[in-house]
1. Would you be able to say whether some residue in segment 157-171 is surrounded by fewer than 22 Cβ atoms within 10 Å (Cβ to Cβ) and in a helix (DSSP H, G or I)?
2. Among the residues of segment 46-89, write down those that are basic (Lys, Arg) and in contact (Cβ under 8 Å) with a residue 60 or more places away in the chain.
3. At pLDDT below 90 and aliphatic (A, V, I, L, M): is that true of Ala82 in this structure?
4. Taking only segment 117-138 into account, find how many residues are in contact (Cβ under 8 Å) with a residue 12 or more places away in the chain and touching a Leu at 6+ places or on another chain (Cβ under 9 Å).
5. Hey, Ala203 hits all of (1) out of contact with any helix residue (DSSP H, G or I) (no Cβ under 9 Å at 6 or more places or on another chain); (2) more than 27 Å from Leu54 (Cα to Cα); (3) small (Gly, Ala, Ser) but one; which does it fall short on?
6. Only residues that are buried (at least 20 other Cβ atoms within 10 Å of the Cβ) and either more than 15 Å from Leu26 (Cβ to Cβ) or modelled with pLDDT of 95 or more (or both): list them for segment 54-64, please.
7. Every residue in segment 189-198 that is touching a residue at least 60 places away in the same chain (Cβ under 8 Å) and touching a helix residue (DSSP H, G or I) at 6+ places or on another chain (Cβ under 8 Å), please.
8. Return the residues of segment 1-45 that are under 15 Å from Ile194 (Cβ atoms), touching a helix residue (DSSP H, G or I) at 6+ places or on another chain (Cβ under 6 Å) and β-branched (Val, Ile, Thr); say none if nothing qualifies.
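The values are calculated or read from the model by the stated rules, or taken from the named source; none is laboratory data. Being a predicted model, the structure only gives us computed values, none of them experimental. FYI the Cβ positions are ideal-geometry reconstructions off the backbone, even for glycines, and counts take in every protein chain you see.
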Amino acid sequence: MIQINELRKSLYGGGHRVDILNGIDLTLPSGQFAAIIGASGSGKTTLLSLMAGLDTPTSGNILVDGKDITKLHEDELAALRARRFGFIFQSFHLIPTLTALENVVLAGELNQTPGVNKKSNDLLGMVGLKDRLHHYPAQLSGGEQQRLCLARAFVNEPDIILADEPTGNLDSKNSEHILGLLLELHRVQQATIILVTHEPDIAAKTQRILTMADGVIIADTRPES
């Protein structure tokens, strides 16, 4: 479970303060697939970065299973991210000199995941890249690279997946495919997934929609099944 209490984030420069988040209170139960939507500048990506421990809040706290991650040192945060989190970004951040299989295996090896070779092969098969294992990222289409990123994010069987606009660079057909794979991986692995998106059609397929504006959550809705 993720619990967020009175979370605020401000930036200072030139004698001015810019408030990015203005007091977020939020509870995400284990295994929920939630979407965060809102206009650019509403605070979506900042909130995701704070959940991941990639940034520090001005005030407030974030608890993961009761542990306040805002109080952890960087080495403790790095260990937590490796053990508990998976990340999917709009930009793929793949290693260009490694094959598709090697990109996924490396993520597992860095976390000392048991059976990483079989898990990597299985996941790449699940996302439709069974015949592309030994291709390099430059030899894959944008949709295939994002599917590779899904496999990499799930190889360590993380409890929490944070996805920042994973369909933002894809056409509608590939966006639907990526969402379908996320839904299937969610069903199989039962991870908590928090998805930032600008696309209402994508958000509507999740279990919960959090709408942000001006650094606060202005709506919390549950789409019909």
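1. no
2. Residues satisfying the conditions are Arg83, Arg84.
3. Spelling it out, Ala82 is indeed at pLDDT below 90 and aliphatic (A, V, I, L, M).
4. The qualifying residues number 15.
5. Among (1) out of contact with any helix residue (DSSP H, G or I) (no Cβ under 9 Å at 6 or more places or on another chain); (2) more than 27 Å from Leu54 (Cα to Cα); (3) small (Gly, Ala, Ser), Ala203 violates only (2).
6. Selection gives Pro57, Ile62.
7. Of segment 189-198, the ones touching a residue at least 60 places away in the same chain (Cβ under 8 Å) are 190-198.
Residues satisfying the conditions are Ala191, Ile193, Ile194, Leu195, Val196, Thr197.
8. Listed by number, the residues that qualify are Ile36, Ile37.
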